[in-house]
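> Shown below is the structure under consideration.
What follows draws every value from the coordinates through simple rules; no lab data is involved. Computed from a prediction, not measured in an experiment: that's the story for all the values here. Every residue, glycine as well, gets a Cβ built from its backbone with ideal geometry; the counts of neighbours run over all protein chains shown.
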Amino acid sequence: MSLPQTLPVFTSEEYLALERASEIRHECLDGSVYAMAGESPEHSTICFNLAVVIGLQLRDKPCRGFSPNMKVRTNDSGLYAYPDLMVVCGEPRFHDERRDVVVNPTVIFEVLSPSTEAFDRGEKFLRYRTQIATLTDYLLVSQTKPLIEHFSSQPDGTWLYTAVSGLSETLSLASIDCQLPLAEVYSRLNFFIGETTQEGEMAS
């Protein structure tokens, strides 16, 4: 998502008409439409690894994953976005009969990029946590080091922050009964720490 590249303010209906006819993806925030930038090899690899790791564990569970081509919408229609990975538990609900905008995600993953990190941490997460009642988990995945930041909703309405770092660590997602070994999330990526190199290896 390239934030400076905005188009004139659109209604939700106008945005969806534009997006469904477009060959490139755009996100929409309060009527302003932003073209999404291309992704780095690291970003693409992590997205693929996440889909593999989570997808295999969702077999025979009442949850399903959606690729980055599926949009999500906040309840007030103020934000339409393309999460890097989204999980819905139970039957997915959609914005309309086109079935290309999910409104009841359970878990959302965003792989951080320099151009979008502030938005993913700030306004986007604010909209997600205050306007999507079904959302239980929001995960920010670094593409420069083995680090996953996890925000999980609590019964009192607050969100608990935890961070897991290092290729030997595993993050547990209780809401969907899944484990995220960082060595698998970061498989085929190299991280330079001082004069040593840590390489993500797919666990056998």
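> With Cβ to Cβ distances under 10 Å as the rule, what net charge do the other residues near Arg25 carry (K, R +1; D, E -1)?
For residues surrounding Arg25, the net value is -2.
> Could I ask something else about it? What does the charge count near Glu149 come to, summing +1 for each Lys or Arg and -1 for each Asp or Glu among other residues with Cβ under 15 Å from its Cβ?
My count for the surroundings of Glu149 gives -2.
> Under unit Cβ charges (Lys, Arg +1; Asp, Glu -1), what dipole magnitude, rounded to 20 debye, does the chain have relative to its Cα centre?
300
> Quick one: net charge of Ala35's neighbours, Cβ under 15 Å, K/R +1, D/E -1? Intermediate results must be reported in sequence, preceding the final value.
Details: positive: Arg25, Lys71; negative: Glu19, Glu23, Glu27, Glu39.
Within the 15 Å Cβ shell, the charges total -2.
> Continuing with the same structure: Determine which lysines satisfy two conditions relative to Lys71: a Cα distance under 17 Å, and not lying fewer than 8 residues away in the same chain.
Lys124
> Could I ask something else about it? So if I restrict to the alpha-carbon atoms in the chain, what is the Rg, and what is Dmax, the biggest pairwise distance, in Å?
Using the Cα atoms of the chain, the pair Rg, Dmax is 16.9, 54 Å.
> So, one more: Taking R0 as 30 Å, what FRET efficiency do you get between Leu160 and Ala17 from their Cβ-Cβ distance, rounded to the nearest 0.05? Numbers along the way, then the final one.
Working: r = 39 Å, r/R0 = 1.31.
Once rounded, the FRET efficiency stands at 0.15.
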